[in-house]
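Single-structure report; data block below.
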Amino acid sequence: DRGIAKFGFSDYNGSIEDFTKAIEIDSSFAISYFTRGLCKMKIGDDNGMCLDLKKAAELGISRAAEMVKDWCK
């Protein structure tokens, strides 16, 4: 929840740190990959964004799969 709050306040680097910690605790938590990917998009890390969105898509987030098709080549 803290990562989402930081995202809402445009603290993308802080949000990335929180989502990374959440992924370390539970690597199957798809929303952490998805939102961390959005944060990486906001800071211009396109490669990192695509890696996280692909993982979120693998874990079942359909919106992530759509974004991968549109933004990741």
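Values in this text are rule-based calculations from the coordinates and carry no lab data. Just so it is clear, the model here is predicted, and its values are computed rather than measured. Note that we place each Cβ from the backbone using ideal geometry, even for glycine, and neighbour counts take in every protein chain shown.
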When the charge dipole of the chain is computed with +1 on Lys and Arg Cβ and -1 on Asp and Glu Cβ about the Cα centre, the Cα farthest towards its positive end, among CYS72, ILE23, GLY44, belongs to CYS72
For region 10-51, just the Cα atoms, rotate onto the principal axes and tell me the three extents in Å, largest first. 26, 20, 12
Where the eigenvalues come from the Cα gyration tensor of the chain, what are the semi-axes √(5λ) of the equivalent ellipsoid, largest first, in whole Å? 18, 14, 9
Quote the relative contact order of the chain in percent (integer), defining contacts as alpha-carbon pairs under 8 Å separated by 6+ residues. 23
